[in-house]
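Please treat every number below as a calculation from the coordinates, not as lab data. From a predicted model like this one, the values you see are computed outputs, not experimental measurements. Every residue, glycine among them, receives a Cβ derived from its backbone with ideal geometry; neighbour counts consider all protein chains shown.
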Amino acid sequence: MYAPLLDSEIYDQIRETARRFAADVVKPAAADLDRDEAFPADIYRQMGALGLFGITVPEEHGGAGLDTYAYSIVMEELSRGYSSVADQCGLVELIGTLLTRYGTPDQLKRLPDILAGKTRVAYCLTEAEAGSDLSNVRTTARETAEGYVIDGGKLWIHNAPVADLGFVLASTDLAAGHRGMSIFLADLHAPGVSRGPKEHKMGQRASQVGALTFDGVTVPREALLGPKGRGFHIMMSVLEKGRVGIASLAVGIAQAGLEAALGYARDRRQFGKPILDNQGLQWLLADMAKDIAAARALVERAALLIDHEKPATSASSMAKCFASDMAVAQTANAVQVFGGSGYIRGFEVERLYRDAKITQIYEGTNQIQRTIIARELVKNGA
């Protein structure tokens with residue numbers, strides 16, 4: 001097991017900052033945000049001011065200059081308040097990573113406003129025929145004398161209804177398959193960009209999701225992020241960190257469920273005593289705590305492998321797969337502790353159960369994660 005790179009006081013400080021913000025600002029707003037499906041712009045501006053966006057972005061570019069382990073801590077703590085808010089943190093983190101690794105000096109000038117929550121970003125990957133199989137992207141970017149013209153459609157895009165700036169994966173050479181893809185920065189207010197209606201989702205309802213259509217959208221040559229034809233590689237290079245982020249978010253959801261269930265079990269009385277006195281319920285809570293701790297350990301292992309620049313493909317897939325499956329199972333147990341009350345809209349555990357499900361789907365379904373883990377086993381041994 002690799003050790004964290006920074007002093008423990010730094011991790012304690014960032015954990016306390018994120019935990020206090022989640023408790024004081026995020027959690028009190030969660031029920032209303034879920035009910036109204038509202039975009040919490042003010043919360044994101046406050047996060048920007050606190051430095052909770054761009055945890056691993058270098059300080060010279062406006063970030064906190066910390067590591068993946070610190071990022072995982074922030075994601076878990078924010079998710080304990082409301083996972084939609086943590087999800088936005090994860091999106092900004094990935095965009096910040098893309099820009100700091102591959103951005104030109106002019107492109108990097110966009111980072112301060114992104115990290116401050118002023119510029120809203122969207123990571124435009126998924127299409128109707130390119131979900132788990134992103135090599136099947138059909139959006140094209142045709143080169144012209146002035147730059148590129150983008151045509152195509154994207155689905156299920158986080159922030160699509162509200163975003164200002166898109167990072168668009170498009171093919172610059174359809175015949176080359178995934179080796180002919182590139183990423184472009186696109187002004188989402190430009191002529192030719194249209195937005196579909198906001199999707200009404202089962203959970204994480206404050207995360208704005210929708211479709212984007214690009215109809216002859218012109219971008220300059222300077223909009224190309226990284227080398228032409230390397231877009232698929234660039235996108236894949238941030239997936240490990242993304243999976244650690246989603247795993248951390250899932251742990252935060254489950255932790256919130258455990259805390260709610262334990263508190264309810266202490267207060268709820270049946271047959272003249274707290275229901276917490278029942279051994280069967282104690283064992284259920286014990287299993288929740290056990291599985292949450294195991295998931296957190298997998299997250300920490302994957303994050304530290306990334307920070308030490310060691311192979312983390314399998315570890316990040318294990319963390320994401322186990323943590324998300326665990327979150328769904330253990331928020332269901334939290335609902336069970338509440339009984340009928342847990343099935344009623346307005347109780348936290350009902351929302352947590354709905355919010356957990358998407359963690360098994362986005363950033364690569366858990367079936368894809370198992371395929372990756374198996375492939376790594378066959379390739380490298382046990």
Residue-by-residue Karplus 3J(HN,Hα) for segment 114-119, coefficients 6.51, -1.76, 1.60, Hz, glycine and proline x: 5, 6, 7, x, 8, 9
I'd like to know how segment 215-259 sits against the 2.2 N^0.38 Å rule of thumb: what's its Cα Rg over that expected value? 1.89
Exposure proxy ranking, count of Cβ atoms within 10 Å, fewest first, for 283, 156: 283, 156
Which order do 47, 202 fall in if you start with the one that has the fewest other Cβ atoms within 10 Å? 202, 47
Helix 279-307 against the longest principal axis of the chain: what's the angle in degrees, Cα atoms only, rounded to the nearest 10? 30
Take the Cα gyration tensor of segment 83-173, multiply each eigenvalue by 5, square-root it, and list the three semi-axes largest first, rounded to whole angstrom. 23, 18, 11
For residue 1, the net charge from surrounding residues (Cβ-Cβ under 9 Å; K, R +1; D, E -1) works out to 0
Here, residue 59 and residue 294, labelled 7 Å along Cα→Cβ, have an inter-label distance in nm of 4.1
Rg in Å to one decimal, and Dmax rounded to a whole Å, for segment 239-315 via C-alpha atoms: 16.9, 57
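Give 27/198; 290/357; 310/379; 118/241; 109/198 a once-over and call out the pairs whose C-alpha atoms are over 26 Å from each other. Walk me through the numbers before you get to the answer.
Details: 27/198 23 Å; 290/357 20 Å; 310/379 16 Å; 118/241 24 Å; 109/198 30 Å.
The answer is 109/198.
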So which residue, out of 177, 339, 48, gets the largest mean-square fluctuation from a GNM of the chain using Cα contacts under 10 Å as springs? 339
Any idea how far the Cα center of segment 84-152 sits from the one of segment 231-283, in Å? 31
Two-decimal log10 I(q)/I(0) for segment 8-115, as the Debye equation yields it once each C-alpha is a single scatterer, q = 0.11, 0.20 Å⁻¹: -0.33, -0.99
Tell me, what is the percent relative contact order of the chain, built from C-alpha pairs under 8 Å that lie six or more residues apart? 16
Segment 37-44 - phi-based ³J(HN,Hα) in whole Hz, Karplus 6.51/-1.76/1.60, Gly and Pro as x: 6, 8, 8, x, 4, 5, 4, 5
Cut-off is 10 Å between beta-carbons; in what order do 314, 135, 248 appear when sorted fewest neighbours first? 135, 314, 248
Tilt relative to the chain, helix 27-36 - C-alpha long axis, 0 to 90 degrees, to 10: 60
Note the angle between two axes, namely the Cα long axis of helix 68-81 and the longest principal axis of the Cα atoms of the chain, as a number of degrees from 0 to 90, rounded to the nearest 10. 60
